[in-house]
Amino acid sequence: MKMFAVDIHLGYRCNNNCVHCIVAGVREKLIKEGKPADRTTDEIKDIIEKAARDGADKISFTGGETTIRPDFPELLSYVKEKGIKVGLQTNGRAFSMKEFADKVMDIAPDINIEIAVHHADPKMHDNVTRVSGSARQTLEGIKNLRDRGAKINLKTVVTRFNYKNLKYLVQMASGLGIEQFDIVYPHGLGNARKYWKDIVVPYTGIIRDVTDAIDEGEKTGVHVMLEGIPFCFLEGYENHARENRMKVLESEGSRKDLCFLVSGQSDWKDARQNMKTKPETCRTCRYFDACEGPWEEYPELNGADEFVPVKEK
C-alpha cells in the first residue's frame, strides 16, 4: 500500500536560536519587514483539509518551534479528527511541563516525535541553542514523554561544537530508551551560513566520529541514521544514509513538503535534489546514480577537493 505523507511548516518563530539554524535569516527578514513569521491557525487548517482530501496518511508539523504556538493542541486535534497519523519536529522544551506532555499524548498517543539534542553536556547544548537552561528542559521533556510511552527519535546537527561528542550522544539516547538517533550535516543557510567558518567541520574531519557513533549504536541498540553526507565518505555505512530510506519511500508512495511560507507546496524529492549538487569529479564514482551529493552551498564554501570518486569493486 502506497504512503502519502505531508510536512507542514507552521512558521519560523522559535524559543531557541541555534547557531546552525537554517531558517533564522528568513525569520529575521520577515519580522524586520513587519510580516508574520508564522502561518495563521486558519491557514494551517486549510492545508490540513487539503492534505486529508488528497489522502494523506501522515502529517508532520515542522517549524521554527511548533510547540510554542498557543494553538498547537488545537491543530494536533484537528489532524487526529481526520484520522491521520501525526509527526512532530521539536526541541522538546515545552514537554518539560508535564501537563503539556500529558495533553499532547492524550490527543495523539501514537505521535512520532523527533527531538533535537546537540550535546551530551548540558552547557555545551546550551552553547549551541544560545539559551541557558534549554538542555535541562529538553531532557525533562524527553523523560516526560518516555513516561507516557511516546515514540521518540533524537536528532543532532553535527558541528564543531559536538562532532567529538557523537558517540556519547548515542550512549545518552540508549540510556533514555531511544532506539533511533539521526546525525544531520548542516545546510549552509541562515545562521549556518552566517557562522559557517566557525561551526562547520569538513566531511573528512567528522567522518571517523560519525562512523564511531554508528558502531556505538550497533553495540547499544540505537539505530543511527545520517542525512546530508555524500556516499563517498560512507563506504561500508551506506545503509545508514537517510537518502537511501527516502528513495524507498518515494518509490512506494509520495511525500509533499509544505515547507516555506514564501514558496508554498513542493514535492520533497524534487526540492531536496534541487538543493544539492555533485562536483564534476563525482561522475566517475560508483555511487554517482545513488548519491544526491552535498548541499549545494558546500563546494562553494569548502571547495570540492574532498570528493574522491569511489571505484567499482
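Every read-out reported here was derived from the displayed coordinates using simple, explicitly stated rules and does not represent laboratory data. Just so it is clear, the model here is predicted, and its values are computed rather than measured. Quick reminder, even Gly has a Cβ in these numbers, built from the backbone with ideal geometry, and neighbours come from all protein chains shown.
The table that follows gives values for the structure above.
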quantity	calculated
Percent RCO, i.e. relative contact order, over the range 29-88, from Cα pairs under 8 Å lying at least 6 residues apart	38 percent
Rounded to 5, percent antiparallel among DSSP beta bridges of the chain	15 percent
Nearest-0.05 FRET efficiency for Glu33 and Asp106, computed from C-beta distance (R0 45 Å)	0.70
Rounded tilt (10° steps) of 242-252 against the dominant C-alpha axis of the chain	60 degrees
The chain: calculated mean residue ellipticity at 222 nm from DSSP helix runs of at least 4, using -39500 (n - 2.57)	-11500 deg cm²/dmol
In degrees, nearest ten, helix 134-147 long axis to first principal axis of the chain (Cα)	70 degrees
Whole-number D in µm² s⁻¹ for the chain, Kirkwood Cα-pair radius fed into Stokes-Einstein, 4 °C, 1.567 mPa s	64 µm²/s
Chain lengthening between Arg148 and Glu99 when straightened (0.36 nm per residue, less Cα-Cα)	16.5 nm
Cα-based helix-to-principal-axis angle, 166-175 vs the chain, degrees rounded to 10	40 degrees
Centre separation in Å (Cα based) which lies between the range 146-212 and the range 61-95	23 Å
